[in-house]
């Protein structure tokens, strides 16, 4: 693993808040909504009116258990809701219902991979359920803050990692992996732009080899994966400079200014509140039977990890390719659909290459997702089979990908209609080669004179003349023969 | 002077016999309030037009033969911490000035479904914190038996309204004795049901694990009617027990033969106890024996720790429950506030009375870093020991009998200065809340013209048998028929 | 004798967002001290191995179906608001020592 900083070991832990995909709130029956006018989705419970009482949402529990299982956690059969007491306008009760001493999930992990480095296991300390706060809008008036409680009470899980991450890139990989599994098991849509996934990072530096952790700072309100990595890089720089100069890092909560690529202090730790956690007397401890946990586990779709292992096992894919394919359900589905549509022959590895290289590139170019695409597994399999059989050159096949992707179609038909069939027989190619040799006497002479690179030039000319249909290997063979070298 | 209203059972009979209409009952209640409540101050709010409308609807149902149940047409009062849609709910506090609830408490829904007529809202100690109703921000309620005496608290207004004959029945709330103690001081029957028996939805929370709504009326039979109407599982209250409404009325078993009444030695000490009260209670126990019950001494060894445990747990929960009163979304906001902190601090400091502030501070302290284990957690452990005391005692008896209070109604102003002394008057009542047991206080005599309460405690869910023992006692005695002279009609 | 210091009283009054007058600080220090002295007797009780009571009676976990219902009309939700802007609650802008928890 390459070092995030030459002189210091970087220690990062992430706290991720993720909104569960329920229709109503955690303890109130108001609807979970997005973008509606303020306070259009409240009940007396969300408003913390006198006499209101909380009742736990059954679906939220199920989704939280799914999230915990997907993160390889131990689901606790007995967990307790606790009140976290503090005053803030978007916290109507003056306390948040969360979990403290007895959370729902403990001791999980996620495997991540950055670049070509070996996969690393990142520990997950705990996952617990809690309700979201409302929104305080500060920028609509000079003297007032406006409070919207539509979001107050929305179900969240808080996922706390061990301080096992060692670089901003690892942090990014962890977040992407987390999002993928949460989406796969249907626990959350985890759309960061809608605030369904929020990330706070704790980061400290220490000299390589040192056992004790350095003083850490907390970065809050990071609302995209890119900003998380950027902010962490900026904070590493800041802390490193400070330590280099012999200074001390102050414990603080920081925000990140993406425009200036700089962190700023939100508050120092001296002002930290005493939350006075205690079990919520309005709620009964959450008891989940082992049987129920197993039922939920059995109902989960195949998780990326398991799929990755299976792809390697069943299709002989390399770990890296298997990993990339299994991260996206749509990609994995297309891959397997293509492999199964392959008549005889083992094209799995080639299909994987075409997907990860050409299809992904074409999607990226148009900023599209597989959900927008019309490429079928069948079509992909056909295309790859044709290339492997030499019936179309790789280049020409590559050019067909965008069309197949976004407009669909039948590769065989397209190749035929456009006359893209590869030329690989002597009878078709020899005359082309002769034409090129005749038209480029200098290159021929050059080659005879020992410049082997002239061959490539001549090859290029043949390819051009054939409109890319010529089988490169065959052309090379014929050229070499005719040049006599 | 406007006549006292009859009790619930008598009012039912009169309505059924056509001797009185529901509207006439309401008019009588309003007249009675007019006559005596100026002095007593039991009510904070009356709703004459709405009550007459509800009564008229009841009379129409009666004429059409479609009564909703035994409470149809009966006027009832609500303690000011039980919310009703469209009506003010103040908990006798300034901080809820102007607040109107958009929803009905579960018990109010059920009373309406039963056809009861809601006359108005009664005075209480602010946020139910107190034992005398002197902590009301709107002035105290006077004891109808002797006007310079406290009616008890925190449900002093409800107890007084029944004792003074303004309404046949009222609802109160009991967290540490707030139904039973004022019932004792005012010479009426007050029932605190098993915890979870009656939904807390719409009861403004004081201490969530201890609060229960319950009825105050003249007889156990009347309380039974009310309990039947308001009890039963409510899925909107997570602490509601999964039991159907009780079927107590008409099913009270008043045969005491074979029943064993336990007498806890820790409650029958002479020190700190008015000897007249001890005498009345012993006589009451003798009456139960005469009715066929056996008595035996039991022990509740952790009794002396109950008040301490109670105040730690109750104030901790209260400090959190009252955090929502911050001037931001409802209730009173202090004038001229420029910062958020100022809004919170001044709204709360100006809106809460001294006792509420004291308990919030104590509760905050008890939960704070470094003190949670020594105070809050410790108190919850002692609570477990108290529960075990009762479990052990109930292995040898069916019901436990004690005095409700160590002294009769004290003079207004007598207790206000020392909080610990005030808290100690709850000594006999708090254990039932800590253990979740049903408890009832019923009149069993007088001391110097002031009522004395006999308390009966039952096993969890034994509300109906408990009412049965109380009913048996009342069939054999006449204490519940005594009425205060000063407020006599 | 268990007592509470003036500083502690001021600290918890800040936590509880209560602003006490000087007389109140003195009175609370005295009263809370008296109460804490009284409750000190609990320390004498042997509670080793005793599970704290979370709830008076054991109950199965009550759960609610995931069905949006019972929402208040926004005007009703705002009906008791001391100050509002449109359908949002209005409070003084965050200043004076308040931070997000």
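Derivation of every value follows stated rules applied to the coordinates shown; laboratory data play no part. What you see is a predicted model; the values in this text were computed from it and never measured. A quick note on method: Cβ atoms are made from the backbone with ideal geometry, for glycine too, and the neighbour counts reach across all protein chains shown.
Quick one: plug the Kirkwood hydrodynamic radius of the range A:426-484 (C-alpha pairs) into Stokes-Einstein at 10 °C, 1.306 mPa s, and report D in µm²/s.
Result for D is 144 µm²/s.
Report the FRET efficiency, 1/(1 + (r/R0)^6), for residue A:33 and residue B:260, where r is their Cβ-Cβ distance and R0 is 41 Å, rounded to 0.05. Working shown, then result.
Details: r = 59 Å, r/R0 = 1.44.
Efficiency, from the Cβ-Cβ distance: 0.10.
Using a Gaussian network model on chain C with a 10 Å cutoff between Cα atoms, which of C:60, C:52, C:68 fluctuates the most?
Top of the fluctuation ranking is C:68.
If you rank B:389, B:426, B:59, B:255 by fewest surrounding Cβ atoms within 10 Å, what's the result?
B:255, B:59, B:389, B:426
For chain B, what does -39500 (n - 2.57) per DSSP helix run (n ≥ 4), summed and divided by total residues, give at 222 nm, in deg cm²/dmol to the nearest 500? Could the numbers behind the result be given before it?
Details: 15 runs with 180 residues, N = 489.
One gets -11500 deg cm²/dmol as the mean residue ellipticity at 222 nm.
Using only DSSP helix segments of four residues or longer, with each worth -39500 (n - 2.57), what per-residue ellipticity at 222 nm results for chain A after dividing by its residue count and rounding to 500? Intermediate results must be reported in sequence, preceding the final value.
Values: 17 runs with 190 residues, N = 485.
So the calculated ellipticity at 222 nm is -12000 deg cm²/dmol.
For the modelled label position 7 Å from the Cα of residue B:270 along Cα-to-Cβ, which residues of the range B:285-320 have backbone nitrogen atoms closer than 20 Å?
Those under the cut-off are B:285-286, B:297-298.
Given the rule -39500 (n - 2.57) for each run of at least 4 DSSP H residues, summed and divided by the residues of chain C, what is its mean residue ellipticity at 222 nm, to the nearest 500 deg cm²/dmol?
Values: 3 runs with 33 residues, N = 101.
When only DSSP H runs of four or more count, the value is -10000 deg cm²/dmol.
Residue A:299 to residue B:57: FRET efficiency via 1/(1 + (r/R0)^6), r the Cβ-Cβ distance, R0 56 Å, to the nearest 0.05?
It comes out at approximately 0.60.
Need the full-extension length gain, residue A:440 to residue A:333, defined as separation in residues times 0.36 nm minus the C-alpha distance. One decimal, nm. Intermediate results must be reported in sequence, preceding the final value.
Details: separation 107, 0.36 × 107 = 38.52 nm, distance 4.94 nm.
Contour length minus the Cα-Cα distance gives 33.6 nm.
Mind jotting down a quarter of the surface of the convex hull over the alpha carbons of the range A:302-417, in square nanometres, one decimal? Don't skip to the end; give the middle numbers.
Numbers: hull surface 27.0 nm².
Averaging across all directions leaves 6.8 nm² for the Cα convex hull.
Tell me, A:162, B:335, A:210 in order of fewest to most beta-carbon neighbours within 10 Å? Don't jump to the answer; show the numbers that get you there.
Numbers: A:162 16, B:335 8, A:210 11.
Ordered from fewest to most neighbouring Cβ atoms within 10 Å, A:162, B:335, A:210 come out as B:335, A:210, A:162.
Could you tell me the largest-minus-smallest coordinate of the C-alpha atoms of the protein assembly as shown on each of the three principal axes, in descending order and whole angstroms?
That gives 135, 75, 57 Å along the principal axes, largest extent first.
Applying a 10 Å radius around every beta-carbon, put A:409-418, B:106-115 in order of their mean neighbour count, most first.
Working: A:409-418: 15.7, B:106-115: 21.4.
So the peptides A:409-418, B:106-115, ranked by packing, come out B:106-115, A:409-418.
For the residue pair residue A:262 and residue A:418, what label-to-label distance in nm results when each label sits 7 Å from Cα along the Cα-to-beta-carbon direction?
Rounded to a tenth, the inter-label distance reads 5.2 nm.
Given a Förster distance of 22 Å, report the FRET efficiency between residue B:354 and residue B:45 from their Cβ-Cβ distance, rounded to the nearest 0.05.
Taking R0 as 22 Å, the efficiency between residue B:354 and residue B:45 is 0.40.
How many percent of Cα pairs in the range C:12-74 exceed 17 Å? Spell out each step's value before the answer.
Details: 1420 of 1953 pairs.
Across the range C:12-74, Cα pairs with separations above 17 Å total 73 percent.
Quick one: order B:337, B:420 by neighbouring beta-carbon count within 10 Å, fewest to most.
Ordered from fewest to most neighbouring Cβ atoms within 10 Å, B:337, B:420 come out as B:420, B:337.
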